Amino acid sequence: RLPALASPPLPPFRVLCPPADAPGASSVPPPVRDHVAVATGPRVLVMGGSTQQGYVDGSSLSVLDTDSMVWETVRCGGGVPSARAGHAAAMAPSTSDAGWDLVVFGGGDGTRGFADLYRLDLTTLEWAKVVIPGDESSGLTPREGATCVSAGAVLVVYGGYTSTGCSPDTFTACLSMVGNPLTDQLLARPGEGSAAPDTGEESLLVVLASADAQEVSAAQEVFGRALAASVLGVDIATRDGEWQPVGHDETFGAALQRLELLDLALARVPEASPARRAAYLGAVHSGLLPVSAGGEERWFLFYWVVVQEVASGRRASAMSAGIQLSHSLVDKARESRFTESVVSLARKLTGDDSGDEVIDVQERLTHRLMTLHAQLTEAWYSAIGALLAEGYEVNLAAAEAGRDSSADIKQ
């Protein structure tokens, strides 16, 4: 291997935080094991675990600011989780505001195990016990050492150690269903609370994981022209201002999360809901894309859209063209650590705090030469066209294999 290509030696490990007996380090937590530690922005939250003095409950958290590398202790109220270790934790979208909540599951205290679920509102620092519906909690026994992650508002718990040994089980819970009037939205007919017209019982129906008027309008134009379908927009999972993905992978993943949550939500609504006859599901999510070239960095606002054919489960996706952001918007996004949408940041820059949901950032960034509607319709046409083309190829291959008829192909 050429010397120039050799990997540099790894730096030695170093202590980033002072030990507990160092001057001014009174807030450094004591030695602890089997606790949980999760990151939210520049802070790391440490909860529970086992110390020399016993098990730790949720009445306080140790918080490390990774910018200053300083610890602090914060007090929590509400329905505090009992002392435990070996529990699992994740950050999940808040049900009370546009931020994030800490979700804690299971664990044990040496004499018993737990299968309970708690949620900490990081704005109010109040704990609340989450009631898991019976169909989701069936078979979920007390356990320690499980892993827990959130995909949007879907919480996934895997494995752990139970009274019968190691568990290979996986459980999911849709946290956004708590306090969310989702059923009312999905019981509405197209056109009620969205930009879509009701074209009758026999028309194709598309359910879009967005209640944003501009996003619904763009989808309605494309699905209406391409498939003579009507669009029902519902507020699912993430909301404006909740977070702003950066990069293609993160933005595409956010759009897929919305689609998965919509699919889960549809399975929960009554059979009488018009949404149960949806032929297609759709999702859209904005993102920021940094590009560096020639010694300069530029940031672009773009969208990923995803469409799914319900009957076959086939999906197709496309991304929109990108619109360059102003330097002031990029600076604001960095200051917020990308926890606010570009729309929210644009309102602050222009002094528009009226909450007007039809603000078109694209018009402001392009001197009214480009709109959000135009940006989204281009992407929707690409995604729907790809899905239809794939369906035609599948049907054609089936016909050639003698498993279908020419009448079906024509249809």
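The values are calculated or read from the model by the stated rules, or taken from the named source; none is laboratory data. All values reported here derive from a predicted model rather than from experimental measurement. Glycine also receives a Cβ, built like all others from the backbone with ideal geometry; neighbour counts cover every protein chain displayed. We work out accessible area using only protein heavy atoms, side chains counted, and drop any ligands, DNA or RNA first. Shrake-Rupley method; radii C 1.70, N 1.55, O 1.52, S 1.80 Å.
See the values below:
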quantity: Per-residue HN-Hα couplings for the range 246-254 [Karplus 6.51, -1.76, 1.60; θ = phi - 60°; Hz; x = Gly/Pro]; calculated: 10, x, 5, 4, 5, 5, 4, x, 5
quantity: Accessible area (Å², 1.4 Å probe, nearest 10) - Trp304; calculated: 40 Å²
quantity: Amide proton proximity set for Asp169, modelled H, under 5 Å, gap of 5+; calculated: Gly159
quantity: The range 28-54 versus the range 289-323: alpha-carbon centroid distance in Å; calculated: 38 Å
quantity: 14 Å beta-carbon shell around Lys129, net charge (K/R +1, D/E -1); calculated: -3
quantity: Order of exposure, largest accessible area first, which applies to Val207, Val44 with probe 1.4 Å; calculated: Val44, Val207
quantity: Exposure ranking of Met319, Met47 by accessible area [1.4 Å probe, largest first]; calculated: Met319, Met47
quantity: Net charge, Ala146 excluded, C-beta distance under 14 Å - Lys, Arg +1, Asp, Glu -1; calculated: -2
quantity: From the C-alpha gyration tensor of the range 283-324, square roots of 5λ in Å; calculated: 31, 9, 6
